[in-house]
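The values are calculated or read from the model by the stated rules, or taken from the named source; none is laboratory data. Keep in mind that what you see is a predicted model, and the values were worked out from it rather than measured. Cβ placement follows ideal geometry from the backbone for every residue including glycine, while neighbour counts extend to all protein chains displayed. Accessible surface is based on the protein model in full, side chains and every heavy atom, while ligands, DNA and RNA are left aside. Shrake-Rupley method; radii C 1.70, N 1.55, O 1.52, S 1.80 Å.
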Amino acid sequence: MNKNEHYDASDIQVLEGLEAVRKRPGMYIGSTSERGLHHLVWEIVDNAIDEALAGYCDDIEIIINKDGSITVKDDGRGIPVEIHPKTGLSTVETVYTVLHAGGKFGGGGYKVSGGLHGVGASVVNALSKWVEVTVYKEGKIYYIKFANGGHTIEPLKVIGECSEDRTGTTVTFMPDDEIFKETTTFNYETLKTRVRELAFLNKGLRIILFDDRTGQKDTFIYEGGIKEFVAYVNKNRTPIHDDIVYIEGMENDISIEVALQYNDGYNATVYSFVNNIITPEGGTHEDGVKIALTRIINNYAKNNKILKDNDEPLSGEDVREGVTMIISAKVPEPQFEGQTKTKLGNSEVRKIAASIFAKNFERFLMEHPNDARVIIEKSMTAARARVAARRARELTRRKGGLEITNYWGKLTDCSSKDATISEMFIVEGDSAAGSAKMGRNPITQAILPIRGKILNVEKARLDRILANEEIRTMITALGTGIGDEFDLSKLRYYKIIIMTDADVDGAHIRTLLLTLFYRYFKPLVENGHIYAAQPPLFSIKHGKTIKYVLDEAERDNYLATLPSNTKYEIGRMKGLGEMDPEELRETTMGIENRILKQVTLDDAILADETFQLLMGEEVEPRRKFIEDNALFVENLDI
Ligand code: 1YM
C-alpha cells in the first residue's frame, strides 16, 4: 500500500457477534486444545506482520508474561482510532468487538498474511478473560480494555502523550480458562518454532520472543530470508554444492520467492507457503516451480550433451532427489482447496511461478557451472536408480507376493476383508510373533513378523528399499502401493500397529518403521492409521481384578484410587517375547485392555528435522539431540 492512500473506515464489514465465537470456538481457531490456544497468539501477530508487509513495521515483540498472558508489540502505524461510521465506535474497538471486521481485500490493500486482515483480533477478544490494547499515534497514547469474552469495560481514551515519531500497537490478552479447558499455559518452544519460521519468511523483520516466566529470550532476524531457511533445514545434511539458489520475482501483485540447495541424501524436502502459511498439499505455486525445475534441468543437460538425444528425459522425481527447497508465495486473494484447505488453487499463479523460477534458475546454472554439473550428475544418477527401482517394484505387484516362503517378512493375514475393522501388527522378534499369532483375533488381526533392525530408509534409495524382503511384504500387505503409485483407498488395514518391546532396541526399531512410513507412506501417518502398541510395565492384582499399567506414574495413580485396606500384588511384566499368547492378548492386543498410541504429525518440518537427525549421516548433532532428550526418550515418537 502506498503512504498517501488513507484508511477508509467504511471498508470495515460488520457481520456477526462474538457470542457465536464463544459457542463454537473450534470453527474459528480449529480447536480449544493447546494448539488452539497458541492460535490466539498468531491471530494477533498476523496483524503486526501485515503491517510489516505493508512496509510500516520492522520490529515485533512477543512476551509471555508472568501471569500467563501474552503481549504483542509492533512499531507500525497503530490501529486507527477515529470513529467508525457503521458502528459509531472507534475503529480499534470495532476491530476487537465486531466479528469479520477488517480492511477490505483488493483495492488499495495488499493484505496477505494468514486469514482476513484484522479478523482474528475479535476472535481473540471473544476467547479471552481480558484484552488491553494500547495505540501510539500522532503524539498520543490511546488505551482500551475489554473483558469477559469481549465486552468493552474501559472505552477508548487518551492516557498520555508520546513523541510524534513513536507509533505502534501493543496488545495484551489473557486466554479464558473456561474456553481452553485443557490448558492455558503457553509453550515457549512452540512459539519459538513458528516465530523463527515467520522471521525466515519475512526477511529483514526482527521478531523478539521473551518469556518473563523464565527469562528466556530469542531474537530472530534473517536478512537472507528463505535462503537462510534452506541453510537451517540443511544443517544436519551434507550439501553437495556451496551456493544456495535464491530467486525472487513479482508479477501482477503476486510475489514468488524460492530458495534451494541439493544435499547427498535421497529425499526431496519441499516446503511451500502462501502468505506465510504452510501449504502441505502444495498447489499452483509449488506445481509451477516444480515444472520449471524439471524443464530447465533437462534443457541444460541436453544443451551440454550430458543427456543424449535418445536418453529418457529426467523425471520430476529425478531432479528433486536430495533437494531442499522452500517456496514462498504472496498472493493477494488466495483460494485454498483440497481436503484440508491448504492447497493453493489460483491457476494464474502456476504460470507466474514457473516463469519467474525458470528465468532465474537458468541464469543461475549458467553463472555457476560447477554447481550445475553437480546438480545434473545427481539427477542422472537418480534416473538410473529409478529404472532399477521400477524392476524391483514390479516384484511387489506380482500375484502371490504374500506367499513368500521365508518366515521373516511372511504375513499371517486376517480373514476379514473389511479394511475398516482390520489391523496389521508389525511384531519384532520370533517368539513375540509366535505368541501374537496364537493370541490374536484371527478375524481382524494380521501379524507381520520382522527381524530386528529393518533397513534405514533415510540412508537408502528406493531401489534398495524395495529389494528388502520385509519392506516388500509390508508394501504388498498394505495394498496401497508406494511412491507415485500410492493410493490410500486401497489400504487393507485401517490400523497398522507397531508392536515392539518397551526398551531401547524396541524404540529404535519403532523409529526405523516410523521413518519408513513418514518418508514413503506419509498419508498413512497424516490420516492417523499408524499406531504404537504400548505393552504394560506392571500388573496390579487385587481380589479378582488385574489392572495393567504403563509405567510407575500410572501404577502409583492407580494404587492411590484403591481403598487403603485393599490387599494387592504388583507384578513386573516381561518383554513381549516372554509373554505367552494369553498374556499378550490380555495386555497388548485385545481391544478391551490394550493401550494404543496414535502417531500424529503436528509439525511436518519438526518431524522431518527429527528423522533427519536420528536417521541421517551427521553424528555430532544426533549425539547432542540424544543427550538433550535423554530424559524424554519415551517421547521420541512424533
Ligand atoms: C500487536 C498487534 O494489530 N497492528 C496493526 C494493526 C492495524 C494497523 C496497524 C493499521 C492498518 C491500516 C491502517 C490499514 C490494523 N488496522 C485494522 C483496521 N498489532 C496490530 N497495525 N492503519 C493501521 O489496514 O489500512 C485492522 S488491524 F481494520 F482498522 F484497518
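Accessible area of segment 280-323 with a 1.4 Å probe: how many percent of it is carbon plus sulfur?
On segment 280-323, the fraction of accessible area on carbon and sulfur atoms equals 45 percent.
Roughly what would the spin-label model give for ASP177 and LEU562, points 7 Å off Cα along C-beta, in nm?
So the label points at ASP177 and LEU562 sit 3.3 nm apart.
If you count, for each residue, the other Cβ atoms within 10 Å and average over each peptide, how do 424-431, 561-568 line up from highest to lowest?
Packing proxy ranking, top to bottom: 424-431, 561-568.
Enumerate the calculated ³J(HN,Hα) couplings along segment 30-37 in order (Karplus 6.51 cos²θ - 1.76 cosθ + 1.60, θ = phi - 60°), each rounded to whole Hz, writing x wherever the residue is Gly or Pro.
x, 6, 9, 6, 4, 5, x, 4
Computed over the Cα atoms, what is the radius of gyration of segment 194-279 divided by 2.2 N^0.38 Å, N being its residue count?
1.24
What's the angle, to the nearest 10 degrees (0 to 90), between helix 619-628's Cα axis and the longest principal axis of the chain?
80
How high is the FRET efficiency from GLU19 to GLU82, r the C-beta distance, R0 25 Å, rounded to 0.05?
Using R0 = 25 Å, I get an efficiency of 0.40.
Using only the Cα atoms of segment 237-392, each taken as one equal point scatterer with no solvent, compute I(q) by the Debye sum, divide by I(0), and report log10 of the ratio at q = 0.09, 0.11, 0.14, 0.19 Å⁻¹.
Listed by q, the Debye log ratios stand at -0.29, -0.43, -0.69, -1.16.
Can you list the residues, at least 5 places off or on another chain, whose amide H is less than 5 Å from the amide H of ASN263, using H built in the peptide plane?
Counting only residues 5 or more places away or on other chains, the set is ILE240, VAL323, THR324.
Read phi for every residue in segment 121-133 and hand back ³J(HN,Hα) as whole Hz from Karplus 6.51 cos²θ - 1.76 cosθ + 1.60, θ = phi - 60°, with x for Gly and Pro.
3J(HN,Hα) across segment 121-133, in whole Hz: 4, 5, 5, 4, 4, 4, 9, 10, 5, 8, 9, 10, 10.
Using the C-alpha atoms of segment 508-555, what convex hull volume per residue, in cubic angstrom, is computed?
100
Provide the per-residue ³J(HN,Hα) series for segment 313-330, in order, calculated from phi with Karplus coefficients 6.51, -1.76, 1.60 and θ = phi - 60°, each as a whole number of Hz, with x at glycine and proline positions.
Working through the residues one at a time gives x, 6, 8, x, 5, 4, 6, 9, 4, x, 8, 10, 9, 10, 10, 10, 10, 10 Hz.
Calculate what fraction, in whole %, of the accessible area of segment 194-273 sits on carbon and sulfur atoms when a 1.4 Å probe is rolled over the protein chains.
On segment 194-273, the fraction of accessible area on carbon and sulfur atoms equals 43 percent.
At 1.4 Å probe size, with every protein chain present, just tell me what the per residue accessible area of the chain comes to in Å².
Roughly 46 Å² per residue, with all protein chains present.
Based on Cα coordinates alone, diagonalise the gyration tensor for segment 547-589, multiply each eigenvalue by 5, take square roots, and list the semi-axes in whole Å, largest first.
After diagonalising the Cα gyration tensor, the semi-axes are 24, 11, 9 Å.
Taking every pair of distinct Cα atoms and averaging 1/r, then inverting, what Kirkwood hydrodynamic radius in Å comes out for the chain?
27.7
So who's got an amide H within less than 5 Å of the one on SER31, skipping anything under 5 residues away but keeping other chains? H placed 1.01 Å off N, in plane.
The answer is GLY36.
Among bridges DSSP assigns within the chain, what percent are antiparallel (round to 5)?
Here the share of antiparallel DSSP bridges comes out near 75 percent.
Computed over the Cα atoms, what is the radius of gyration of segment 272-345 divided by 2.2 N^0.38 Å, N being its residue count?
Ratio of Cα Rg to 2.2 N^0.38 Å: 1.35.
When the helix-only estimate is applied to the chain (DSSP H runs of n ≥ 4, each -39,500 (n - 2.57), divided by the residue count), what is the mean residue ellipticity at 222 nm, nearest 500 deg cm²/dmol?
About -11000 deg cm²/dmol.
Measure nothing but the geometry: give the 0 to 90° angle between the long axis through the Cα atoms of 604-615 and the longest principal axis through the Cα atoms of the chain, rounded to 10°.
Roughly 40 degrees, rounded to the nearest 10.
Using all Cα-Cα distances in segment 107-236, what percent lands in each 5 angstrom bin from 0 up to the longest?
Distribution as computed: 2, 9, 12, 14, 19, 19, 14, 7, 3, 1, 0 percent.
For ARG166 and TYR188, compute 0.36 nm times the residue count separating them, minus their Cα-Cα distance, and round to one decimal in nm.
Extra length from ARG166 to TYR188 when fully extended: 5.0 nm.
Starting from the Cα-Cα distance between LYS302 and ILE570, subtract it from 0.36 nm times their residue separation and give me the gain in nm to one decimal.
Value of the extension gain: 89.3 nm.
Kirkwood Rh over Cα pairs of segment 328-390 into Stokes-Einstein at 10 °C, 1.306 mPa s: D in µm²/s?
Taking Rh from Cα pairs, D becomes 107 µm²/s.
Using the Kirkwood radius over C-alpha pairs as Rh, can you work out the diffusion coefficient of segment 178-226 via Stokes-Einstein at 20 °C, viscosity 1.002 mPa s, in µm² per second?
Rounded, D is 179 µm²/s.
If you roll a 1.4 angstrom probe over the protein chains with everything in place, what fraction of the accessible area of segment 525-586 belongs to carbon and sulfur, to the nearest %?
In segment 525-586, the share of accessible area belonging to carbon and sulfur is 46 percent.
For the chain, what relative contact order do you get, as a whole percent, if you take Cα pairs closer than 8 Å and at least 6 residues apart?
Normalised by residue count, the contact order of the chain is 9 percent.
So how tilted is helix 469-478 from the main axis of the chain? Cα-based, degrees 0 to 90, rounded to 10.
Value to nearest ten degrees: 70.
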